[in-house]
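Take a look at the structure set out below.
The values are calculated or read from the model by the stated rules, or taken from the named source; none is laboratory data. If you're wondering where the values come from, they're calculated on a predicted model, not measured in any experiment. Backbone-built Cβ (ideal geometry, glycine too); neighbour counts: all protein chains shown. In case anyone asks, the SASA skips ligands and DNA or RNA and just uses the protein heavy atoms, side chains included. Shrake-Rupley method; radii C 1.70, N 1.55, O 1.52, S 1.80 Å.
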Amino acid sequence: MRNSLWRTGFAGVASAVLAIGLAQPSAAAGTALRTITYQGYQIDVPATWRVVDLAANPRACVRFDTETVYLGHQVEEPECPAKLVGRSVGLVLEPLAAVPPEQVHDGIVPALPGTAVPPEDTPSRDGTIQVAVEDTGVLVTAAHTEDTESAVRQVLNSARLVPGGTRSQLSTVSERAAEAQSITAPGTYLGKGFDVCSAPSQATMDAWRASPYRAIGIYSSGGLRACTQPNLTPTWVANQSAKGWRFILTDVGRQAPCTGFRLRMSTDPATARQQGRDAAAEAIASAVGLGFGSGSAIYSDIEAYSDNAACRASVLSYVSGWTEALHAKGWLSGVYSSGASGIRDLANAYTNPSYTRPDHIWFAWWNDRADVDAGSYAPASAWAHHQRIHQYAGDVPETWGGVRIAGIDRNYLDVGQPGPCDAVSLDFTSYPTLQPAATGNAVKAAQCLLAVEPTGTFDAASVAAATAFQQRTGLAATGVVDARTWTALLSTGDTPLLKQGSTGAAVSRLQRALTAALGTALGIDGDFGPNTDKAVRDYQGSRGLGVDGVVGPATWSALQAGR
């Protein structure tokens, strides 16, 4: 996923010009124009806009990051990069009769009777205006940004009917069956997936069942989607779901204010937070329209940005608003970004109360390793409960089942529906003694460690579970979670050899247990550095163990016994 350069050539441009009868540029309001005629529909566009004839170049990538008019209905798999971010303006003129019913939705507006122009109040839906000119049988799709919408509407208002068209009516709006159950994305899945700029055809998806991939990233919403999405309909989604595909829903919206994209977050954190909320509302609406429901995660695509404090604050604020609005409607929040920018900043703010943490991360780190290890970008203790996707390779061509896709990004997913303990933090600067009826976040942490529902109140069930754990461990069976019980609970698990330089979840577990055992705050970051080395030596010395700073069987045994 990246802001890819134009790769598809414009073979077919000259033939397109001949086919449509291009007029000489004319002047209007100081702008040189060209007149384009397609099957009885005629408009004036700036003379600098390109024209691509899809009949002559059927695999051309229909993309809206360059000012282009596309003529015809695409019937072959396009030669698109894996991902395009950024939008300028673009038009697609295609025969209305070629549009299948499943691609008809209530956002398509008929032109005014006897004309080719849209009604004055024609809405824009997710940065796209669609007009059905039934008198000449043409569907017009016009993509734009906030900055280019007025120019696009001016072009559409220049439209007129000329000889050469064939009247055709817009098909009836296709609706999902009322009884159809909403799809949860991505759901629970461990394995490989791919994302591609434009949702592939049904034939391609069927052929690609021969691939190792069983999840597909789809660009379901956002004002910076650059590729057209003719196949992305409720019917397409339902068909892929029935065949076992999982989905990664992606919103390509506002980008960091320190980038050059047309659509950017505000530099004011409060405004950026509201922009995130607004984007989430639109993303939910788009996802629901495709057949997805609450419990699904939608990933905000935030492309790489430079490292500065103001930009970071805007991104974290935007993500906070995005997450808050999704949670309010029962959806999960995800973020896609470069490991070296957005993911690193989210990880550094993981416990910062000023920001709302997303539920899932999707990190781009093209190291060609199909795993969910984010290395130094995010510690293993963060988003550790089936909450990660790793984009490990990008913009590569692949062929499966005899069908080639010109550019995909490869992903590895470890995702699942959240359990009640997934949002409960185990990281504290101190671990207080918990008596019956105690309340708070530390109680929730203890309850999760004791496999009790995390209500936040140390109730009778919690006391009983603590007593049973103490009996199994050889501690005084009081039902009170004291320092020794905390130490044993926090260190429970596998016992790998750890020493300075080690990293990962086991190091975080060790750091928590040492904090409880020594009664002093130790940074819990999954990195066995000098501070952890000192704490290990202090613990070993105070417990009569060999002092070497290495956590081996003896040190683990002492910790898990609550010593």
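Here are a few things to note about the model shown:
- Of note, Pro163 satisfies the criterion of being outside any helix (DSSP H, G or I), open to solvent by 50 Å² or more (accessible area, probe 1.4 Å) and out of contact with any Ser or Thr (no Cβ under 8 Å at 6 or more places or on another chain).
- Any hit, the stretch 421-436, residues being modelled with pLDDT of 95 or more, in contact with a strand residue (DSSP E or B) (Cβ under 6 Å, 6 or more places away or on another chain) and closer than 21 Å to Ala513 by Cα: yes
The rows are residues; the columns are (1) open to solvent by 30 Å² or more (accessible area, probe 1.4 Å); (2) of a type in the set (S, T, N, Q).
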| site | (1), (2) |
| --- | --- |
| Tyr412 | yes, no |
| Thr429 | yes, yes |
| Gln447 | no, yes |
| Val463 | yes, no |
| Phe469 | no, no |
| Thr473 | yes, yes |
| Ser491 | no, yes |
| Thr495 | yes, yes |
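- Sole exception among (1) modelled with pLDDT of 95 or more; (2) under 35 Å from the mean Cα position of the chain (by Cα); (3) among the aliphatic types (A, V, I, L, M) for Ala483, by number: (2)
- Test result for Gly291, surrounded by 20 or more Cβ atoms within 10 Å (Cβ to Cβ), touching a strand residue (DSSP E or B) at 6+ places or on another chain (Cβ under 6 Å) and on the phi > 0 side of the Ramachandran plot: yes
- Selection status of Gly375, farther than 26 Å from Tyr305 by Cβ, over 18 Å from the mean Cα position of the chain (by Cα), among the small types (Gly, Ala, Ser) and open to solvent by 10 Å² or more (accessible area, probe 1.4 Å): no
- Ser158 vs. criteria surrounded by 13 or more Cβ atoms within 10 Å (Cβ to Cβ), in contact with a helix residue (DSSP H, G or I) (Cβ under 9 Å, 6 or more places away or on another chain), modelled with pLDDT of 90 or more and over 23 Å from Ser220 (Cβ atoms): no
- Taking the criterion of being acidic (Asp, Glu) and not in a loop (DSSP other than H, G, I, E, B), the residues of the stretch 41-67 that qualify are Asp44, Asp53.
- Test: Glu94 is in contact (Cβ under 8 Å) with a residue 12 or more places away in the chain, part of a strand (DSSP E or B) and open to solvent by 10 Å² or more (accessible area, probe 1.4 Å): yes
- Residue count for the stretch 103-122, restricted to those that are of a type outside the set (A, V, I, L, M, F, W, C), in a loop (DSSP other than H, G, I, E, B), in contact with an Asp or Glu (Cβ under 9 Å, 6 or more places away or on another chain) and surrounded by 15 or more Cβ atoms within 10 Å (Cβ to Cβ): 1
- Flag for Val424 being crowded, with 21+ Cβ neighbours inside 10 Å, aliphatic (A, V, I, L, M) and farther than 21 Å from Ser211 by Cα: no
- Restricting Ala210, Ala281 to those that are among the hydrophobic types (A, V, I, L, M, F, W, C) and closer than 19 Å to Tyr412 by Cα reduces the list to Ala210.
- Scanning the stretch 516-545 for residues that are of a type in the set (Val, Ile, Thr) and either open to solvent by 40 Å² or more (accessible area, probe 1.4 Å) or closer than 16 Å to Pro379 by Cβ (or both) yields Thr520, Ile524, Thr532.
- Subset tally (residues that are at pLDDT 95 or above, open to solvent by 10 Å² or more (accessible area, probe 1.4 Å) and part of a strand (DSSP E or B)) for the stretch 324-372: 2
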